[in-house]
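The values are calculated or read from the model by the stated rules, or taken from the named source; none is laboratory data. Computed from a prediction, not measured in an experiment: that's the story for all the values here. Reconstructed Cβ throughout: ideal geometry from the backbone, glycine too, with neighbour counts over all protein chains shown. For the accessible areas, the whole protein counts, side chains as well, though only heavy atoms, and no ligand, DNA or RNA atoms are used. Shrake-Rupley method; radii C 1.70, N 1.55, O 1.52, S 1.80 Å.
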Amino acid sequence: MTWTEGIINRQPRTEKIKWPESGLPYVARQHAREYGDWRKTFLTHKDSVPDGLEADFKALLKPRLKPRDGEIAREADVRYLPLARVVVPEHRHRVYYVYPGPTSLQVFILPSPQRTWQIAATVLGALAVLYLLSRLLS
């Protein structure tokens, strides 16, 4: 009798998909990461993608779930958070980011890009005036 034994070790490869890649300010992304009630799901190549995901993200995820040559199956842990970017005409200098939190909706407020440029221009103008005054007085 001959006994043959083989052990196959395979290190899983982790591939992160961040979507959207841009468009969400870093501060809003960090706030949502910390206070958002993230939805989690485990998928295999046989499962259908959850309804709560954007069509563009589904298009990114589906091809990555299909087994490649030499693979038996693929699986993915998907973590997602529905988020709305809201601009109210009465508050046009603010951008509201709304997403579900652990107990209620979370609202994170940032200045609009136009307001940010206005603030930056005001600060730069004030610094220029201070510089000119310091040159005149010295």
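At-a-glance table
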{"quantity": "Surface share of carbon and sulfur [accessible, 1.4 angstrom probe, percent] for the chain", "calculated": "56"}
{"quantity": "Whole-number percent relative contact order across segment 43-138, with pairs defined as alpha carbons under 8 Å at least 6 apart", "calculated": "17"}
{"quantity": "Computed lengthening from residue 21 to residue 56, 0.36 nm per intervening residue step minus Cα-Cα distance", "calculated": "11.4 nm"}
{"quantity": "Candidates 26, 97, 80: whichever shows maximal mean-square fluctuation once the chain is modelled as a Gaussian network with Cα springs under 10 Å", "calculated": "26"}
{"quantity": "Packing rank of 44-50, 27-33, where each peptide gets the mean count of other beta carbons within 10 Å, highest leading", "calculated": "27-33, 44-50"}
{"quantity": "Net charge over other residues, Cβ less than 9 angstrom from the Cβ of residue 19 (K, R count +1; D, E count -1)", "calculated": "-2"}
{"quantity": "Most fluctuating residue given options 117, 19, 38, as computed from a GNM of the chain linking Cα atoms under 10 Å", "calculated": "117"}
{"quantity": "Accessible area per residue, Å², the chain with all protein chains present, probe 1.4 Å", "calculated": "84"}
{"quantity": "Under-5 Å amide H pairs with residue 106, H placed in peptide plane, nonlocal only", "calculated": "99, 101"}
{"quantity": "Cα radius of gyration and Dmax for segment 18-61 (Å)", "calculated": "12.5, 36"}
{"quantity": "Over the chain: helical MRE at 222 nm, DSSP H runs n ≥ 4 each giving -39500 (n - 2.57), nearest 500", "calculated": "-11000 deg cm²/dmol"}
{"quantity": "Separation of the residue 104 and residue 46 label points, Cα + 7 Å toward Cβ, nm", "calculated": "4.4"}
{"quantity": "Percentage, to the nearest whole number, of Cα pairs in the chain over 24 Å apart", "calculated": "57"}
